[in-house]
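Reading through the structure tokens given below for one structure.
We did not get these values from a lab; they are worked out from the coordinates using the rules stated. Everything numeric here is computed off the predicted structure, so don't read it as measured data.
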């Protein structure tokens with residue numbers, strides 16, 4: 001697997017792998033494995049990382065093979081045209 005450059009930028013923004021691990025509630029070792037590509041970043045962490053970086057790193061950059069556009073569509077209310 002390749003290094004996750006978006007994740008590296010996010011770590012730089014929040015200050016350290018340890019800081020990002022604390023934000024996500026995971027071990028620093030997990031973050032290290034995601035960065036070096038030995039394990040994939042779980043998609044459920046992407047929105048939290050996006051928020052933690054003030055949207056300077058977005059989900060699409062962290063996990064490009066996921067259909068984020070589907071999740072970002074506004075929800076239509078019943079009866080609204």
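Relative to the first principal axis of the alpha-carbon coordinates of the chain, what is the inclination of helix 5-14, with its axis defined by its Cα atoms, in degrees from 0 to 90 and to the nearest 10? Taking the Cα atoms of the chain, the angle to 5-14 is about 80 degrees.
Contact order, relative form, for the chain: 29 percent (alpha carbon pairs under 8 Å, 6 or more residues apart, mean separation divided by residue count).
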